[in-house]
Amino acid sequence: MSEDNVEAAKSIFGPWGRGDFSAVDWADPEIEFVIPGPDPRVYRGVAEMAGAWAEWLRAWTGFAVEARRFHDFGDRVVVDQAFHGSGRGSGIPVDQIAGAAVLTFRDGKVISFEGFTNTEAALASLGTEP
């Protein structure tokens, strides 16, 4: 089953690597979506998650999320990521900004998506060392 979860994570990040964030069929209707930062927010449900993504994407042009590596932890998959794009207002390009996510699966759907600023923090949230 855990290999299925890694393949499901790859199917999510494939389109994201091309800047396509339109699909939400991978998400459980009651997904918990957490964005990292100094004031982390928790969004519940597909509509709130989509709203959070839309707000984030409005600040960028050419934004994409590159998945670099997938770590299999059974019902959880840790994804090493790099963000690419340019600031919509400034035009300043950003490239290779590191991040990570922990996706928790149940019955083939993501029930929790938690973003982190780095892989070490994502692994630590699972009680695992890098």
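The values are calculated or read from the model by the stated rules, or taken from the named source; none is laboratory data. Everything quoted here is computed from the prediction, not taken from an experiment. Note that we place each Cβ from the backbone using ideal geometry, even for glycine, and neighbour counts take in every protein chain shown. Only protein heavy atoms, including side chains, enter the accessible area calculation; ligands, DNA and RNA are left aside. Shrake-Rupley method; radii C 1.70, N 1.55, O 1.52, S 1.80 Å.
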Of the candidates F113, A64, V77, the farthest towards the positive dipole end of the chain (Lys/Arg Cβ +1, Asp/Glu Cβ -1, centred on the Cα centre) is A64
At 222 nm, what value in deg cm²/dmol follows for the chain if DSSP H runs of at least 4 each add -39500 (n - 2.57) and the sum is divided by all its residues, to the nearest 500? -8500 deg cm²/dmol
Please report, in debye to the nearest 20, how large the charge dipole of the chain is about its Cα centre when each Lys and Arg carries +1 at its beta carbon and each Asp and Glu carries -1 there. 440
What does the accessible area per residue of the chain come to in Å², with a 1.4 Å probe and no ligands, DNA or RNA counted? 55
For region 11-58, what does the alpha-carbon gyration tensor say about shape, rounded, prolate or oblate, given a ≥ b ≥ c as the root eigenvalues, a/c under 1.5 as rounded, and a/b over b/c as prolate? oblate
Could you work out the relative contact order of the chain, using alpha carbon pairs under 8 angstrom and six or more residues apart, expressed as a whole percent? 25
Run the 1.4 Å probe and let me know the accessible area of D39, rounded to the nearest 10 Å². 120
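Taking the Cβ of E3 as the center, what net charge do the other residues with Cβ under 14 Å away carry, scoring Lys and Arg +1 and Asp and Glu -1?
With Lys, Arg at +1 and Asp, Glu at -1, the net is -2.
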For region 1-102, the Rg and Dmax computed from alpha carbons only, in angstrom: 13.9, 44
